[in-house]
Amino acid sequence: MSGAATSEERARTGARAGQPVSASTDIGMPGLRDVPATDAPQNKKDFTSDQEVRWCPGCGDYAVLASVQGFLPDLGLARENIVFVSGIGCSSRFPYYMNTYGMHSIHGRAPAIATGLAASRPDLSVWVVTGDGDALSIGGNHLIHALRRNVNMTILLFNNRIYGLTKGQYSPTSEQGKVTKSTPMGSLESPFNPVSLALGAEATFVARTIDSDRAHLTSVLSAAAAHRGTSLVEIYQNCNIFNDGAFEILKNEDSRDEVLIRLEQGEPVRFGAEGQYGVRRDPASGGFEVGPSDDPNLVVHDATDDDPTQAFGLSRLADPGTLARSPIGIFRQVDRPAYGDLMAEQLDEAVAAKGDGDLGALLRGSDTWTVG
Amino acid sequence: MTVKQVREIDRVVIRFAGDSGDGMQLTGDRFTAETASFGNDLSTLPNFPAEIRAPAGTMPGVSSFQLHFANYDILTPGDAPDVLVAMNPAALRANAGDLPKGATIIVDTADFTSRALKKAGYESNPLEDGSLSAYKVHTVDLSGITMEALTPFGLSRKEASRSKNMFALGLVSWMYGRSIDGTVNFLEEKFAGKENIRDANIAALRAGWNYGETTEDFAVRYEVKPAALPSGTYRNITGNLALSYGMIAAAKQSGLPLFLGSYPITPASDILHELSKHKRFGVRTFQAEDEVAAIGAALGASFGGALGVTTTSGPGVALKGETVGLAVSLELPLVLVDVQRGGPSTGMPTKTEQADLLQVLYGRNGESPVPVVAASSPSDCFDAAIEAVRIAVTYRTPVVLLSDGYLANGSEPWHIPDVDTLPAIAPGFATEPNHQADGDEKPAEFWPYLRDPQTLARPWAVPGTAGLEHRVGGIEKLDGAGSISYDPANHDRMVRLRQAKVDGIAGIPDLDVDDPNGDAQLLVLGWGSTYGPIGAAVRRARRAGHSIAQAHLRHLNPMPANTGEVLRSYDRVLVPEMNLGQLALLLRGRYLVDVVSYNRVRGLPFKAEELADVIMEEVGSL
């Protein structure tokens, strides 16, 4: 029950727009402030529905599902106040396996549907489950606008760099030159970097994690749930049928330490098997580059910096093809009023100014006349 | 001072016409408000270009507002104006063709220069070449007199000439004995804080009135006495406003918070604007990034127990189709308002049409039945909105509410209802598990698709309700339990159940036929905004001695139970529509009755005279 949001913790933190919130400071879980808690003990089984899970054996989705089902009891929330909304794709079957409220909707539209739900029901913990095709191709518009508005919800973007459910076409995150059924001579398009995209769309919480690293995944999910506003978590997820090994260099014991950058709040950005590399800024160009780790001017990671420049710079370190030098962790975590809270405030202000609406007076208006 | 003659008349049609920037819609609105307060029955037809400011002085830039008012109940904004107020040569040229011989023209002469005449397409000056000899023409230098009257305010020429619409309003108000007090109040409120502009406009308005009173050119005033409407309290209302109020009322009657998801689109945007003003009724309005998000957010809100509404026009309906299909599958309440406009594609955004009927009925993949309700007049938009919500909430289904550009912007007096008489709408949220397997020791379960045997509606269990956690989605459900099912027989059953639910919607009154003599052989059947023109045309035909039956469909899906019987009891059924025969196609297909279609798709409502001719031709051929 360590993460349970008690009433005390749910009291307004007093944080204001533009004031960074320290990621390391315990401020409770503002994202879940209005969600009822339960004292009843919960376990993973409580969050497991009676539906048979039908992903392909070996799919990375299983690990994410297990992590979510395993971590949710720690939040201590009333289960009936949790909703998972998904679009279309392999990962979007996720809500069927969660014993919460859920909606499996249509392709790309989950952020829009979740926006209406979250904006009108602040007492719900709203989760969106989506994939690279769902969120970045057909639903790209809804994703960027949800991030811009800062609707209070957590978006889990399962990125396997391929279309799985339609059997193996390239996706908007596939590397250029990808040979698939629809691109027998190689794909022609540059991929999206979902973290860069989210930062450009004014997101207030952006993180990346990997399906196989349960501890990291859980810690990122926990911070995402705690954040008030839209949290985007990109999860590198292996499709062992159509794109097996897409993240192998980031997972393989022999290569991962050389190419995976673990972002730690308040720490200089270092990586390498011996910690021999570091990230610094070129004083002339301002660009981000990798150098030796003993450079005195290494970048110190601060996700709470209101200026997204450094977070964006770090997101650009990854090679768009191989994903070498991919940072994982929380890129950005800043406080900005959530859309639903602002909407509710306007309703309250209107009532405070003129009282509750009087239907009879509204219908009569100001210009009437009487007959008979 | 001359003594003016007062002549009593029973009805008049006035059209104000000018450049889109001349304030003709405002002038018309104000004259309408004063006319409504006076107690006349009235009907209005605003007509404006899609371009916000087309080049000044050109035909495409002409904006007009037509008002028909009378001392009896009227049904349309009138076929042809008795009075045209034309603010420039283009406005004259664009509208003169609609005038019957003997009509009155009040024309602002300020802009009749050779350049302006040429811009409007005149080869010679119509005020001098005798081409207007069939009309009573009042030439007034409206702009010049206005500017002169406003000299004390020290405004620029441009600013002063902007008040010429108020001068024209004052003059016409004098002609028809309308008060200008309401407009003075309106100007005081509108220009509070801009005292000079406020006072200049009021001065222009009064100058117009006084001009009528003093100048010899206007020798006659006209009086149109109040209409004998049923007793009660009235106000003037447009369709979009009535529809907005209907939604607020329905939310209150159902106890559900209203959530509007909308994307700006002509001619529906005013509903978004209006509902955005009423936050103290708990109304949440969400201006979405696109049409798809607008309906998606509304559906998400419905899932959470709100009254989800989305408003749009035809192109938006096309984009929302997939989400309507999802709502059919989820079986959640949702109202989609389609304020129809000229199509296809962008078509004619500011003009009216009723060509979306087949789109809203059939424009989705799969068997996707959706109830459809159509409003018949501006004030009827209020009741139609409540009816759409009743069906949506009671039957857990998306409902399409059809309006159109004519209803949206047109106005008429509205007999304000007593809020205590509005129907109650019961959401009846599920609160308990509803299924216990026989002999099972396990606790009772919640089956989201276990239907009410009467209505076939499924239970609506909203998040936050403990013990009823469930998943819904667009994949076919197992009847009852609601889990995913690809079973062929189950799919066939679910397709039929969804259809049967819509077909079985109760509370739809029988089609009411108005056949005063009881011996009519011809039935004229319409739907939507053609109610007024058809009614006016039928009256004309009856006055000419013909027996005519008239009926109007409000529910397009399902149709009233007696529809087939009614159709078959007449020798001929005439169906006028502002499309190429969409209702006619449905009637022929469903009832095997060979109805006669009459179609015009001009972006304008039917004229009563035109329809009366068609009706009499049909009667004559029987």
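Observations, loosely collected:
- The distance separating the Cα centre of the range A:122-165 from that of the range A:334-372 comes to 32 Å.
- Considering only B:T350, B:S276, B:Y362, and ranking their Cα positions along the charge dipole of the range B:235-421 that arises from unit charges at the beta-carbon of Lys, Arg, Asp and Glu, the one farthest toward the positive end is B:S276.
- Number of partner chain Cβ atoms within 10 Å, mean per residue of B:287-296: 6
- Note that the range B:442-540 carries a Kirkwood radius of 17.8 Å, evaluated over its alpha carbons pair by pair.
- Partner aspartates and glutamates for B:K607 [C-alpha distance under 19 Å; skip if fewer than 8 residues away on the same chain]: B:D41, B:D73, B:D79, B:D82, B:D98, B:E353, B:D404, B:E412, B:E577, B:E617, B:E618
- Net charge of neighbours whose Cβ lies under 13 Å from the Cβ of B:S313, counting Lys and Arg as +1 and Asp and Glu as -1: -3
- Per the accessible-area calculation with a 1.4 Å probe, the total area buried between chain B and chain A rounds to 5200 Å².
- Equivalent ellipsoid semi-axes, the range A:38-194, via Cα gyration tensor eigenvalues times 5, rooted, Å: 30, 19, 11
- Residue-wise HN-Hα couplings along the range B:532-548, as the Karplus relation 6.51 cos²θ - 1.76 cosθ + 1.60 with θ = phi - 60° gives them from phi, are x, x, 5, x, 5, 5, 5, 4, 4, 5, 5, 4, 7, x, 9, 8, 10 Hz; Gly and Pro carry x.
- Proximal lysines relative to A:K44, as straight alpha-carbon distance under 21 Å, when same-chain residues fewer than 8 apart are discounted: B:K442
- Taken over the Cα atoms of the protein assembly as shown, the convex hull encloses 220 Å³ per residue.
- Two numbers describe the Cα atoms of the range B:264-333: Rg and Dmax, which are 12.0, 33 Å.
- Residues within the reach of a label modelled at B:D10 (point 7 angstrom out along Cα to beta-carbon, backbone nitrogen below 18 Å), restricted to the range B:536-572, are B:536-546.
- Centroid-to-centroid separation of the range B:276-292 and the range B:108-131 [C-alpha atoms, Å]: 48 Å
- Over the range B:331-378, the hull volume per residue, using the convex hull of the C-alpha atoms, is 103 Å³.
- Solvent-accessible surface of the range B:277-413, taken per residue with a 1.4 Å probe and all protein chains present: 21 Å².
- Cα centroid of the range A:269-309 to Cα centroid of the range B:396-433, whole Å: 60 Å
- Potential extension, A:K167-A:A361 segment - 0.36 nm per residue separation minus Cα distance: 63.9 nm
- Percent of C-alpha pairs per 10 Å bin, the range B:307-413, short to long: 16, 49, 30, 5, 0
- Longest to shortest principal axis, alpha-carbon extents of chain A, angstrom: 88, 48, 47
- Surface accessible to a 1.4 Å probe, A:Y96 within the full protein complex, Å²: 20 Å²
- For the range B:95-110, 3J(HN,Hα) per residue [Karplus equation, 6.51 cos²θ - 1.76 cosθ + 1.60, θ = phi - 60°, Hz, x = Gly/Pro]: 10, 4, x, 8, 8, x, 4, x, 5, 9, 10, 10, 10, 7, 7, 4
- Under a 5 Å amide H cut-off, with hydrogens placed 1.01 Å from N, B:A227 pairs with B:N40, B:D41 among residues at least 5 apart or on other chains.
- Once the Cβ-Cβ distance of B:I52 and B:F429 is raised to the sixth power relative to R0 = 51 Å, the FRET efficiency obtained is 0.65.
- Each of B:I475, A:I241 has its accessible area taken with a 1.4 Å probe; listed largest first, they run A:I241, B:I475.
- Sparse-neighbourhood loop sites, GluC sites (Glu not before Pro) in the range B:98-170 - DSSP loop, at most 14 other Cβ within 10 angstrom: B:E123, B:E128
- The range B:343-486: C-alpha gyration tensor shape, a/c 1.5 cut-off, then a/b vs b/c: oblate
- Proximal aspartates and glutamates to A:K45, defined as alpha-carbon separation beneath 20 angstrom and excluding residues fewer than eight positions away on the same chain: A:D61, A:D74, A:E80, B:E441, B:E445, B:E469
- Computed on the range B:235-421, the Cα convex hull volume stands at 98 Å³ per residue.
- Shielding score for A:343-352, defined as the mean number of other chain Cβ atoms within 10 Å: 4
- Rg/Rh ratio calculated on Cα atoms of the range A:116-257 (Kirkwood radius): 0.99
- Bridge type composition, chain B - antiparallel percent by DSSP, nearest 5: 35 percent
- Residues in the range B:581-587 carry Karplus couplings, in order, of x, 6, 5, 4, 4, 5, 5 Hz; the curve used is 6.51 cos²θ - 1.76 cosθ + 1.60 with θ = phi - 60°, and Gly or Pro positions show x.
- Remark: C-alpha extents of chain B on the principal axes read 99, 63, 46 Å, sorted largest to smallest.
- Segments B:136-143, B:417-424 sorted - mean Cβ within 10 Å per residue, highest first: B:136-143, B:417-424
- Cα gyration tensor shape of the range B:513-620, rounded if a/c is under 1.5, else prolate or oblate by comparing a/b with b/c: oblate
- Scattering curve values for the range B:5-223, log₁₀ I(q)/I(0), Debye with Cα scatterers, q = 0.18 Å⁻¹: -1.43
- Potential extension, A:K45-A:S285 segment - 0.36 nm per residue separation minus Cα distance: 81.1 nm
- Under 5 Å, built H, 5+ apart or other chain: amide partners of B:G473: A:H104
- Hypothetical label at A:T218: residues of the range A:74-88 whose amide nitrogen lies under 17 Å (7 Å Cα-Cβ projection): A:74-77
- B:M348 long-range amide H proximity, modeled H, under 5 Å: B:G342, B:G343
- Cα-Cα over 23 Å, subset of B:K4/B:K225; A:K354/B:K190; A:K167/B:K320; B:K4/B:K136; B:K252/B:K320; B:K279/B:K351: A:K167/B:K320; B:K252/B:K320; B:K279/B:K351
The values are calculated or read from the model by the stated rules, or taken from the named source; none is laboratory data. Just so we're clear, the structure is a prediction, and the values are computed from it rather than from any experiment. Positions of Cβ are generated from backbone atoms using ideal geometry, with glycine treated the same way; all protein chains shown enter the neighbour counts. To get the accessible areas, we keep the full protein, side chains included, count just its heavy atoms, and leave off ligands, DNA and RNA. Shrake-Rupley method; radii C 1.70, N 1.55, O 1.52, S 1.80 Å.
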